[in-house]
1. Would you mind calculating the gained length between Ile213 and Ser8 on full extension (0.36 nm times residue separation, minus the Cα-Cα distance), in nm to one decimal?
2. Quantify, in whole percent, the carbon and sulfur part of the accessible surface of the chain (1.4 Å probe; protein heavy atoms only).
3. By a straight-distance test (C-alpha under 16 Å), which lysines pair with Lys61 as possible cross-link partners, with residues fewer than eight away in the same chain excluded?
4. Find the accessible area per residue for region 1-118; the probe is 1.4 Å, ligands and nucleic acids are left out, and the unit is Å².
5. For the chain, list the cysteines whose Cβ sits under 4.7 Å from no other cysteine Cβ?
6. For helix 218-242, what angle does its Cα long axis make with the longest principal axis of the chain, in degrees from 0 to 90 and rounded to 10?
7. Under 10 Å, Cα contacts only: if you run a Gaussian network model on the chain, which one of Tyr84, Tyr65, Tyr31 comes out with the highest mean-square fluctuation?
8. Taking +1 at the Cβ of each Lys and Arg and -1 at the Cβ of each Asp and Glu, which of Tyr65, Ser199, Leu234 sits farthest along the dipole of the chain towards its positive end, judged by Cα position relative to the Cα centre?
Amino acid sequence: MSNDNIGSLDCSTLNENALNNKYRAKTVAQYGAAGGTWYDNLVASYKSNPNAYAFNPAYSKIFNYKSQIIQAIQKGAKDLFNSYCIDNTPGCNAQIFWSSYLKDAIDVYLNPIKTNISNNGTLTAIEKGVLNAAIQAYYDNFDEATNYYATDGKSCFPDPIWSGGDSSYQADLFGGLGKVIRKIINIAATIVTEVVEKSVYGALTGLILGAPIAGIGTVPAAIFGAGFGGFLGLVAGVDRCVKGGYVCLVSSI
């Protein structure tokens with residue numbers, strides 16, 4: 001997705017209630033009314049106790065790898081972020097961005113973690129199932145986070161602090177087109193960070209509470225929960241960006 005599609009997203013749809021309704025409707029379309037109820041309960045449980053599983057020693061290996069996955073996302077995003085110049089020159093303003101660039105930059109760090117998870121004999125099948133489900137939720141929601149929200153909706157979000165306060169929607173006297181691209185990368189990295197965070201929460205919720213599908217097994221229930229958690233992460237990530245709470249890509253990670 002290139003970086004020249006400005007203002008094509010209706011910013012009024014980016015409030016938390018509207019987004020939750022959007023993704024609740026998706027779960028109902030796929031799983032029926034029980035899916036909508038499950039999503040509602042997931043949202044409510046996360047709001048009431050976001051750290052429900054974080055300090056449980058039974059899930060320490062999952063949370064250790066979750067941190068590594070998030071670091072991989074932010075390291076890859078930072079590498080790509082820093083590859084764009086921001087001077088107002090023909091060369092800098094000729095730069096382009098495609099979402100595949102960001103995915104590839106992140107995969108440099110994420111692929112070794114995926115291999116490590118697969119080869120780690122100390123992880124149980126359930127632990128691997130949760131982690132793989134969280135990674136899959138990241139991939140499943142990557143395009144929506146990057147192409148729809150970060151690219152099409154970039155003008156809906158405030159400029160990051162690093163932009164220096166000038167408009168990052170156009171190449172102007174204060175900086176080149178690279179600022180636009182950097183903002184897109186910053187938004188995308190923030191949203192997919194939340195997708196991973198919430199998909200782990202959703203996976204563990206599914207593991208513990210089960211899923212509203214007859215006959216679903218333990219690991220598939222975690223996969224189901226991670227999918228719902230990914231939706232919750234999109235909502236949380238967009239809300240975080242609306243509030244200007246971007247992940248930091250300008251200091252060492």
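The values are calculated or read from the model by the stated rules, or taken from the named source; none is laboratory data. Just so it is clear, the model here is predicted, and its values are computed rather than measured. So basically every Cβ, Gly included, is an ideal-geometry build from the backbone, and we count neighbours across all protein chains shown. These accessible areas exclude ligands, DNA and RNA; they are computed on the full protein's heavy atoms, side chains included. Shrake-Rupley method; radii C 1.70, N 1.55, O 1.52, S 1.80 Å.
1. Full extension from Ile213 to Ser8 adds 70.1 nm.
2. 55 percent
3. Lys114, Lys128
4. Working: 6220 Å² over 118 residues.
Solvent-accessible surface per residue comes out at 53 Å².
5. By the Cβ distance rule, which asks for a partner under 4.7 Å, the isolated cysteines are Cys241, Cys248.
6. Between the helix axis and the principal axis of the chain, the angle is about 30 degrees.
7. Highest fluctuation among the options: Tyr31.
8. Sorting the options by dipole projection puts first Tyr65.
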